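Novice: The structure is given below, and queries will be raised subsequently.
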Amino acid sequence: MKNVLCYKFSFFAFRLSFVIFHFSFKNMASIQERVVNIIADQLGVNKETITDKTDIANDLGADSLDIAEMMIAFEDEFDIDIVEEDAQNITTIGQVVEHITKAVESK
């Protein structure tokens, strides 16, 4: 009987960890897509040209006003606050996604 309970608990723990991993991966993909959509809309660029390594200012030509407007759009879209000092250190799309993911998960 003890082995059966242990097996059932192990199976349940495995399923739970899979669900948590799947939700986290799905949530991150959703954040990535939403970030790319906001940037493409704000700057009028093709979504296919945006990757994690894309530099917002250098590769996409965003100026400080464009970046400030995007940060406001990110705050509104994800219901988070982006501190100005953090925003100044974010240069790539990957950094945007990472920052937003951490902010969303800490809510």
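The values are calculated or read from the model by the stated rules, or taken from the named source; none is laboratory data. Quick caveat: nothing in here was measured; it's all calculated off a predicted structure. Using ideal geometry, Cβ is built from the backbone for each residue, glycine included, and neighbour counts are taken over all protein chains shown.
Novice: Can you tell me which residues in region 36-69 are part of a helix (DSSP H, G or I) and under 14 Å from the mean Cα position of the chain (by Cα)?
Specialist: Residues satisfying the conditions are Val36, Asn37, Ile38, Ile39.
Novice: Of all residues in region 66-104, count the ones that are touching a residue at least 40 places away in the same chain (Cβ under 8 Å) and of a type in the set (Asp, Glu).
Specialist: Counting residues in region 66-104 that are touching a residue at least 40 places away in the same chain (Cβ under 8 Å) and of a type in the set (Asp, Glu) gives 1.
Per-residue answers, yes or no, for (1) surrounded by 11 or more Cβ atoms within 10 Å (Cβ to Cβ); (2) in contact with a strand residue (DSSP E or B) (Cβ under 7 Å, 6 or more places away or on another chain); (3) without any contact (Cβ under 8 Å) to a residue 40 or more places away in the chain:
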{"position": "Ile31", "(1), (2), (3)": "yes, no, no"}
{"position": "Lys47", "(1), (2), (3)": "yes, no, yes"}
{"position": "Asp59", "(1), (2), (3)": "yes, no, yes"}
{"position": "Ser64", "(1), (2), (3)": "no, no, yes"}
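Novice: Let me confirm something: among Lys47, Lys53, Lys107, which residue is touching a Ser or Thr at 6+ places or on another chain (Cβ under 7 Å) and over 12 Å from Ile31 (Cα atoms)?
Specialist: Result: Lys53 is the single residue among Lys47, Lys53, Lys107 that is touching a Ser or Thr at 6+ places or on another chain (Cβ under 7 Å) and over 12 Å from Ile31 (Cα atoms).
Novice: Okay, next question. Of the residues that sit in region 66-107 and are small (Gly, Ala, Ser) and surrounded by fewer than 18 Cβ atoms within 10 Å (Cβ to Cβ), which one is farthest from Asp41 (Cα to Cα)?
Specialist: Ser106
Novice: Okay, next question. State yes or no: is Glu33 within 17 Å of the chain's Cα centre (by Cα) and either modelled with pLDDT of 90 or more or over 22 Å from Lys102 (Cβ atoms) (or both)?
Specialist: yes
Novice: I'd like the full set of residues that are surrounded by 11 or more Cβ atoms within 10 Å (Cβ to Cβ) and either on the phi > 0 side of the Ramachandran plot or among the charged types (D, E, K, R) (or both), limited to region 33-45.
Specialist: So the first thing to find is which residues in region 33-45 are surrounded by 11 or more Cβ atoms within 10 Å (Cβ to Cβ), and the list is 33-43, 45.
The answer is Glu33, Arg34, Asp41.
Novice: Could you list all residues from region 78-97 that are out of contact with any helix residue (DSSP H, G or I) (no Cβ under 6 Å at 6 or more places or on another chain), farther than 15 Å from Ile50 by Cβ and either basic (Lys, Arg) or assigned to a helix (DSSP H, G or I) (or both)?
Specialist: Glu84, Glu85, Asp86, Gln88, Asn89
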